[in-house]
Amino acid sequence: MSSLTTPITCRNFYAGTWHDGSGDVIERKNPATGELAAIAPRSQAGDVDAAVQAAAEAFRTWRKTLPAERAGYLHRLAEECGRRVDDMAAAITREQGKPLNEARGEVRKFVTALRYYAEEATRVFGRTIPNDVGGFLSIVQKEPIGPVAGIAPWNYPIELIGWKLAGATAAGCTIVIKPSEYTPGCAQILSECVQAALPAGVVNFVYGDGGTGQALVSHPKITKVGFTGSAATGQQIMRSVSGITALSLELGGSCPMIVTAKADLAAAVKGATRRSFRNAGQICIAINRIYVEQPVYDEFVSELAAAADALVVADGIKDPDADVGSMTIDETFQRTLDHIADARKRGASVVAGGDRIDELAPGLFVRPTVVADTPDDALVMSEETFGPLVGVAPFTDLDDVIARANGVPGGLAAYVYTQDTRETFALASDLDFGNVAVNNVDAGIINAPYGGRREAGFGYEHGPEGLESYLQLKHIRLHHGAR
Ligand code: NAD
C-alpha cells in the first residue's frame, strides 16, 4: 500500500506517458487534517491540446480494435485496478475525506463497472431494414463517436471517472479525463493502471481547475462531453461547447424520501440514515428532505435522530470503519452550516447534531444533523445541501406530498417506503425523477440506466445506455442486386 502521509505528485498523462503541465500547480490538502495530500498541474490550453491530439491519434486505431479485444483490454485494466484498490482508496480518503473502507468500496465498484462494460463492448448490434425497392438492403451500424472529454467531480472521484472511461472505451472511443482539482491523487494512481493495461492514447488525463475543463470541452476535436458536476457548471458547459458537440450532463438536485404510515418504519429509518449521511451527505442522490405521514411522524423522527446520533464521525484514515468522515471542501461545509442556521431561523427543530465538531477542527467535520418540522421554504427542503443534513416534515395527503416532492427544479432520485401496493405504484409512477427506489435506498446499479430529469441534466450512464451515448449511427444503403 502506498504511503498514507507522502503527498502524491500528479502529472498529466497522455500518449501513454506522463508530462509536466505548463502552468502553476494546485496543492490539495487533506480536509480532515490540513496536511498536503497531492500536487497537480493547473493545465493550460496547450497541455489540453496535446492530450486531445493524443486521443484523436489513438482513436484511429482504437475504433477499429475488435470489440472482443477491447473487452480484453478493459478486463486487464480491471485487474490492474484490482491490485491497486488500497492505494486508490488511501488517496481518496486523504483528499476527499470519506472513511477508508468506504473508499475501498468505491474503487471495487469501479472495478465492477470496468468488467461490466468489458462485456457490454461485445454486445453492440446494428440492424437491417428492408427497402421498398428490390435488390437493396439498408444496414444500420453503430460506430464510436470520436475522442471524448470526461469531466468529473470530487465526491466519487474514481467511480465517476470510471463510468465515463469504461462506457467510452468499450464503445471504441478514446477519452481525455479531467479529474476534479480537489481529488487529483487517486486519478494519478488510476493513470498508472491505465499505462500498464491499455494502448497509448486511449485514456488520457489532464489535471486542472475549471479553466482547464473549459479548454477541454471547447476543443474542436472533442466530439462528446460527458460531465458530472454541479448544475451551475453544467449550464456553463452547455453554453460553451460548440453546438455540434454531443453532451450528457449528470447534475445535482434535491432528492426527496416519502415514508407512508404503511411503511416498515425500522427499514425506512435505516434507509434514511444511510442515504442521508453516507459520504457525509455529499452524494448527488443523497436524501435531502423526508416527508413522513402524520400517524408515524413522531416515531420516525425520534428514531432517525437516535440513529444519526449513533453514527461514528472520525478521520477516515485513523478510523477506516467510521460511518462519516470529513467533508471535502470549505464551500459545502459552510453551506451545510448555513442550511442548518436557515432551518433553525424558520422554526425547524434540530433533533440531532446541529453544528461542526470543534474537537476535530480544522477538519471539516459536521455532526450528522436532522431538522424536524421543517417548513417547505427552508433551504434544506429545496436546495441541494451536499452535506450531512436532512430535513423532515409531516404530510397527510399522498397527492399533496407528491406535488411537494416534485416541486424542485431537478429530478435525479426519489425514495419511497411503503408496503402498500397501490401507494407503491402511485408514487413510483408520479414522482418525476430519473430514479425511484422503493423500500431501498440504492437507486443506482451498474446495469440499469442512471440519469436525471429537468435541471438534474440529461443523458444516461450505467447500463447499455451508458455505452450507447458514445455511439453514433451510420445508415449504409447497399445495392446488391439479388432478388
Ligand atoms: P463542479 O461543477 O464544481 O465541478 C465538476 C468538474 O467540473 C470539476 O472537475 C471542475 O474542475 C470542472 N469545471 C468547473 N468549471 C468548468 C467549466 N467551465 N468547464 C468545464 N469544466 C469545469 O462540481 P463539484 O463541486 O465537483 O461536484 C458536486 C456536484 O456534482 C453536486 O452538485 C452533485 O450533485 C453533482 N454530482 C452529480 C452526480 C450525478 O450523477 N448526477 C454525481 C455526483 C455529483
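Quick notes on this one:
- Principal-axis tilt of helix 330-345 within the chain, Cα atoms, nearest 10 degrees: 40
- Other-chain or far-sequence residues with amide H under 5 Å of A15's (modelled H): G201
- Remark: relative contact order (the stretch 1-153) = 21 percent; criterion is Cα-Cα distance under 8 angstrom and separation of 6 or more residues.
- Taking 0.36 nm per residue of separation and subtracting the current Cα-Cα distance, fully stretching the chain between K29 and D132 would add 30.5 nm.
- Rounded to the nearest angstrom and listed largest first, the equivalent-ellipsoid semi-axes of the chain from its Cα gyration tensor are 39, 29, 18.
- Within the stretch 137-157, backbone nitrogen closer than 19 Å to the virtual label 7 Å beyond the Cα of E57 toward Cβ: 146-149
- Model label points for L4 and I357, set 7 angstrom from Cα along the Cα-to-Cβ axis, are 1.6 nm apart.
- Summed side-chain charge close to D209 - residues other than D209 whose Cβ falls under 13 Å, Lys, Arg +1, Asp, Glu -1: -1
- Computed on the stretch 214-267, with alpha-carbon pairs under 8 angstrom and 6+ residues apart, the relative contact order is 37 percent.
- Sorting the segments 92-98, 246-252, 440-446 by their residues' average number of neighbouring beta-carbon atoms within 10 angstrom, most packed first, yields 92-98, 246-252, 440-446.
- Over 26 Å between alpha carbons, listed pairs K142/K224; K178/K474; K164/K474: K178/K474
- Computed helical MRE - 222 nm, the chain, DSSP H runs ≥ 4 contributing -39500 (n - 2.57), nearest 500: -12000 deg cm²/dmol
- The simple spin-label model puts a point 7 Å past each Cα toward its Cβ; for R274 and S349 those points are separated by 3.0 nm.
- Reachable aspartates and glutamates from K29, criterion Cα separation under 16 angstrom, eight or more residues apart if same chain: E95, E181, D209, D315, D330, E331
- Gain upon complete extension [D209, H475; 0.36 nm per residue less C-alpha separation]: 91.8 nm
- For the peptides 60-70, 102-112, residues were scored by their other Cβ atoms within 10 Å and the scores averaged per peptide; the highest-first order is 102-112, 60-70.
- Prolate/oblate/rounded call for the stretch 1-131, Cα gyration tensor, a/c under 1.5 rounded: oblate
- The lysines whose alpha-carbon is closer than 26 Å to the alpha-carbon of K262, local same-chain residues fewer than 8 away aside, are K270.
- The value of relative contact order for the chain, using C-alpha pairs under 8 Å at least six residues apart, is 19 percent.
- Calculated Rg and Dmax of the stretch 331-483 using C-alpha coordinates, Å: 21.4, 83
- Applying 0.36 nm per residue to the separation of I139 and S22 and subtracting their alpha-carbon distance, the gain on full extension is 37.4 nm.
- Each Lys or Arg adds one and each Asp or Glu subtracts one; over the other residues with Cβ under 14 Å from the Cβ of V313, this totals -4.
- Approximating the spin labels as points 7 Å out from Cα along Cα→Cβ, the N406-to-V312 distance works out to 4.4 nm.
- Net charge, L198 excluded, C-beta distance under 10 Å - Lys, Arg +1, Asp, Glu -1: +1
Since every read-out is calculated from the coordinates, none of them should be taken as a lab result. Because the structure is a prediction, the values reported are computed rather than measured. Note: ideal-geometry Cβ built from the backbone for every residue, glycine included; neighbour counts use all protein chains shown.
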